[in-house]
Amino acid sequence: MSNHKLLTLDNLSLQEIDTDAELIPLLTPEDEEEMTNEALPQDISILPLRNTVLFPGVVIPITAGRDKSIKLINDANNGNKIIGVVAQKDENVEDPGEQDIHKIGTVARILRVLRLPDGNTTVILQGKKRFEIDSVTTEEPYLKAIIKEVPEARPTVRDKEFLAIIESIKELAIQIIKESPNIPTEATFAIRNIESNPFLINFVSSNMNLNVEEKQGLLSVNNLKERALETLRYMNIEQQKLELKNDIQSKVRFDLDQQQREYFLQQQMKTIQEELGGVSHDQEIEDMRVKSKSKKWNEKVAQHFDKEIAKLQRMNPQSPDFSIQRNYLELFLELPWNEYSTDKFDLKNAQKILDRDHFGLEDVKKRIIEHLAVLKLRNDMKSPIICLYGPPGVGKTSIGKSIAEALGRQYVRMSLGGLRDEAEIRGHRKTYIGALPGRIIQNIKKAGTSNPVFVLDEIDKLSSSNSGDPSSALLEVLDPEQNSDFYDNFLEMGYDLSKVMFIATSNSLSSIQPALRDRMEVINVSGYTIEEKIEIAKQHLLPKQLKDHGLTAKDLQIGKKQLEKIIVGYTRESGVRGLEKQIASMVRNAAKSIALEEEYNKKVTDEDIVKVLGVPRMERDKYENNETAGVVTGLAWTSVGGDILFIESIISKGKGNMTMTGNLGTVMKESVTIALEYIKANAEKLGISPDVLANYNVHIHVPEGATPKDGPSAGVAMLTSLVSSFTQKRVKKSLAMTGEITLRGKVLPVGGIKEKILAAKRANIKEIILCYENKRDIDEIKAEYLEGLTFHYVDKMSEVLDIAITDQKVKNAKNIA
């Protein structure tokens, strides 16, 4: 059942009224009898209703908006106030005629007419008696018709079945009113106080939630008992619907807490955003589903994605987890699952690219070409993990770009310097607020393919902290047997990295975790010779700087001799980074002269170099002289390449004590101790009196005391220096040496040979003493780099002394007794 409304006659919306009690007259049986006996007029004005049916005895408000309807109401209100009310067959008909209205209607009396400010008229009608239209007499200015009374068969007063039906209608009506939240409880009072049975039936029929056709069907039933049964049937249906609705509501009813309140507010915001042209969360989820259909992931990944997007759909958009889950799914969609770029297998073109971008580095180029050749033949080889090891500025990082261009792959670079959080590699668990995937996965996403050339820069500068050990996390990344299913904490799934070509760069191997170093193929990228640097400067550095400074080759030219002067006098490195800075200074000077319209030499001279760069500062690594006993030139490896190392010793009268200075490390101090003990044990063979060893103190110093020095490779130089001091004999001119010594008199091989040889050549050394086992390192160096050098390969310390110590005493030699 429904509460009373102002039911629209036209297109106006339904309006609630607050005077329900006034619209429910409680008819007595006497009133009912009077209405039944009241005679009907033969000719009556007909008011069509769009959306309701008027029953006898019932009072309803009607809002009229059509001109014909308003005129009819005004005329009737000024007359006898009696009209005929019928329902339209189709409520959309604006000007209904005889064929558009039902035949059965109700004679009504106008109780009150209200004129509204919007021009409409509200009229309150009370049904009197049913009628049937015999014929329509006119349609203008409104419908008029000849009507006849419709006889109504009523049961006797003692009909127990009818009385039982009436009681059932009352009880069911009261039950419906109690269970329905839309019907005011005052209606229960009205139902209980209705004494007239026909009016009860009509009142309930009028207020049930039935459509016009169903209500018209009830009005058309002539037998009151049958109408009561039909009304009871509709009431049972409505009561069952109401019980079912209440049952469903009780199952889903919940208390609104703050989070749920925010959810509903968010839903309203979503609707507002949609109205303003924004995208709703539901639309975002649907877009994700559509995008996922184009991904090339396997069934396992697809199932995981479907599960996670269903989880997102169930989440409250205001929950902190919602944005994390959305970011997680967006990462899934942005990752290039099984998307690979096509490799280029033109080996000759690849060789041209590598030669174009890098002068020298033959071992690296050879290894890359070998890999391309195997990949071309098999097309399923796992990418190798290469570690380019060498001093700064030799082109380790830039070679990755050339490899990517040669292969036709995307290039990504990840700097590992100072990285100390394992989550940077493996990612954070997505349960944390602000969680992110690891930088490996982030860079794969940025590359857009699953087989880029991936440069891991400065892998030796990884560090560990209480947040984990990143180098251990890299073990899985750089293991060809494991990285086909690399697990990222944020991704929560394995990702195939086996097709990625990893290239690591390092300045030192000693700081790399042994297990990590074992997984990489180490290629030594040693320093450049002077000749190589001249070619690099000519082919790469100078053209690059001219372009960066807006000049052309016509504006500035630097010849080979001038480039060599810059290299020798102003740089002290294995790479070319410092050389590029010096060339940039020359180019900037030319750019300044052009901008100020000053005269300058387009062909750079030696004087121009001194004028711009100042006096040469790097002459200290030149070989000095052999006029002083105890001075020996050693060869050392540093993080910036090779260098020469002067080792000095001096003796003074004392008690045979030994002191050392020069910021020497433990290993180097041990080398000095070994050398001295060897000399004491073999003094007679070396021509040194034991009394000299007992009565003279010896002091060893390595210049540049502010620089820490350590390593075993200075052993032979320490030995030679001490023997030279004790014998006061000169060391051979233009000679340098490197090698480890033992108490047995053996000379052991050392590393960094190429860097040391290049340092010796820069210092104008002519002869070099090496361990015989280091000969294999010399064989790997190009012959043109070794021009002007003579190598002495030794196994024993006595051989070192035979080569290095001359028979010529130094000037002002000490008189050692």
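The values are calculated or read from the model by the stated rules, or taken from the named source; none is laboratory data. Keep in mind it's a predicted model, so treat the numbers as computed, not measured. Cβ atoms come from the backbone with ideal geometry, glycine included; neighbour counts cover every protein chain shown.
Quick notes on this structure:
- Which listed residue, of LEU125, LEU172, LEU143, is farther than 30 Å from ILE83 by Cα, touching a residue at least 60 places away in the same chain (Cβ under 8 Å) and not small (Gly, Ala, Ser): LEU172
- Selection from the stretch 181-211 of residues that are under 60 Å from the mean Cα position of the chain (by Cα) and over 25 Å from ARG154 (Cβ atoms): PRO181, ASN182, ILE183, PRO184, THR185, ASN209, ASN211
Yes/no per residue for (1) assigned to a loop (DSSP other than H, G, I, E, B); (2) buried (at least 20 other Cβ atoms within 10 Å of the Cβ); (3) not hydrophobic (A, V, I, L, M, F, W, C):
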position	(1), (2), (3)
VAL364	no, yes, no
LEU375	no, no, no
CYS387	no, yes, no
VAL394	yes, yes, no
SER402	no, yes, yes
ARG413	no, no, yes
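- Once the stretch 384-408 is narrowed to residues that are closer than 22 Å to GLY438 by Cα and either among the aromatic types (Phe, Trp, Tyr) or touching a helix residue (DSSP H, G or I) at 6+ places or on another chain (Cβ under 8 Å) (or both), the residue that is modelled with the lowest pLDDT is PRO384.
- TYR340 fulfils the conditions (1) out of contact with any Asp or Glu (no Cβ under 7 Å at 6 or more places or on another chain); (2) modelled with pLDDT of 80 or more; (3) closer than 21 Å to GLY448 by Cα; (4) part of a helix (DSSP H, G or I) except for a single criterion, (4).
- Residue that is under 19 Å from GLU362 (Cβ atoms), part of a helix (DSSP H, G or I) and modelled with pLDDT under 90, where the choices are ILE534, ILE523, ILE566: ILE534
Listed here are the residues, each with its yes/no results for (1) touching a strand residue (DSSP E or B) at 6+ places or on another chain (Cβ under 7 Å); (2) under 23 Å from TYR340 (Cα atoms).
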residue	(1), (2)
ASP421	yes, no
ALA435	no, no
LYS461	no, no
ASN466	no, no
GLU481	no, yes
ASP496	no, yes
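- Of the criteria (1) surrounded by fewer than 20 Cβ atoms within 10 Å (Cβ to Cβ); (2) more than 21 Å from VAL667 (Cβ to Cβ); (3) modelled with pLDDT under 90; (4) within 58 Å of the chain's Cα centre (by Cα), which one ASP710 fails: (2)
- In the stretch 235-251, the residues that are surrounded by 10 or more Cβ atoms within 10 Å (Cβ to Cβ) and at pLDDT 85 or above form Cβ pairs under 7 Å with partners that are of a type in the set (Gly, Ala, Ser) and assigned to a helix (DSSP H, G or I), at six or more places apart or across chains, as follows: MET235/ALA173.
- Selected residue (criterion: surrounded by the most Cβ atoms within 10 Å (Cβ to Cβ)) from residues of the stretch 490-520 that are of a type in the set (Ser, Thr, Tyr) and outside any loop (DSSP other than H, G, I, E, B): THR505
- Among the conditions (1) in contact with a Ser or Thr (Cβ under 7 Å, 6 or more places away or on another chain); (2) surrounded by fewer than 16 Cβ atoms within 10 Å (Cβ to Cβ), the only one that GLN557 does not satisfy is (1).
- Tabulated pairs, the stretch 415-442, first free of Cβ contacts under 8 Å to residues at least 40 places away in the same chain, second assigned to a strand (DSSP E or B), C-beta under 8 angstrom, 6+ apart or interchain: ARG439/MET414
- Subset of the stretch 118-143 [assigned to a strand (DSSP E or B) and surrounded by fewer than 17 Cβ atoms within 10 Å (Cβ to Cβ)]: GLU132, ASP134, SER135, VAL136, THR137, THR138
- Within the stretch 659-669, the set of residues being in contact (Cβ under 8 Å) with a residue 12 or more places away in the chain and either in contact with a Gly (Cβ under 9 Å, 6 or more places away or on another chain) or within 15 Å of ILE647 (Cα to Cα) (or both) comprises THR659, MET660, THR661, GLY662, ASN663, LEU664, GLY665, VAL667, MET668.
- Those residues of the stretch 147-202 which are small (Gly, Ala, Ser) and not in a helix (DSSP H, G or I), in sequence order: ALA153, SER180, SER196
- Residues of the stretch 282-323 that turn out to be polar (S, T, N, Q) and assigned to a helix (DSSP H, G or I), as a count: 5
- Residue match in the stretch 96-105 (condition: outside any loop (DSSP other than H, G, I, E, B), basic (Lys, Arg) and more than 14 Å from ILE82 (Cβ to Cβ)): no
- Pick from the stretch 314-360, criterion among the aliphatic types (A, V, I, L, M) and within 22 Å of GLN283 (Cβ to Cβ), ranking: surrounded by the most Cβ atoms within 10 Å (Cβ to Cβ): LEU329
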